[in-house]
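Enquirer: Quick one: the structure is below, and I'll ask about it shortly.
Derivation of every value follows stated rules applied to the coordinates shown; laboratory data play no part. Everything numeric in this text was worked out from a predicted model, so none of it was measured. A quick note on method: Cβ atoms are made from the backbone with ideal geometry, for glycine too, and the neighbour counts reach across all protein chains shown.
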Amino acid sequence: MVTGIVLSLPVTGFIYGFFACSDCRDGISGFFWRIFIGVIHLFLNIITLGKPWKDESGISSTNLRPYVLLAVVLIAIITYLILSRKEKTPNNSYKA
């Protein structure tokens, strides 16, 4: 659960920034700009706790907090499934 809480804000911020880039063109250069804007919104989403800025004035009608909660739940479930799968597999240690 802690992993989900720690990773949820950066993940949702990056996804929001990647898709919210309005000036990014198609092609490879636009893809790199989307990654750059996604990294910027990654940090902005952490600073503003789920309410990223839309423009330079800091005003935004976007609220990512419900998506952050959804990301917490999904990351926690995925982490639980990965850890439970590791516990069920037997150790294949070499015995001489």
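Enquirer: If you plug each phi of the range 28-40 into the Karplus form 6.51 cos²θ - 1.76 cosθ + 1.60 with θ = phi - 60°, what whole-Hz ³J(HN,Hα) values come out, in order, with x for Gly and Pro?
Expert: With coefficients 6.51, -1.76 and 1.60, one gets 6, 5, x, 5, 5, 5, 5, 5, 4, 5, x, 5, 4 Hz.
Enquirer: Could you sort 33-41, 70-78 so that the peptide with the highest average Cβ count within 10 Å comes first and the rest follow in order? Provide the component values of the computation, followed by the final result.
Expert: On the way: 33-41: 17.3, 70-78: 15.4.
Result, highest mean first: 33-41, 70-78.
Enquirer: A follow-up question, please. Please find the FRET efficiency linking D23 to R85, where r is the Cβ-Cβ separation and R0 is fixed at 35 Å, and quote it to the nearest 0.05.
Expert: Working from the Cβ atoms, E equals 0.25.
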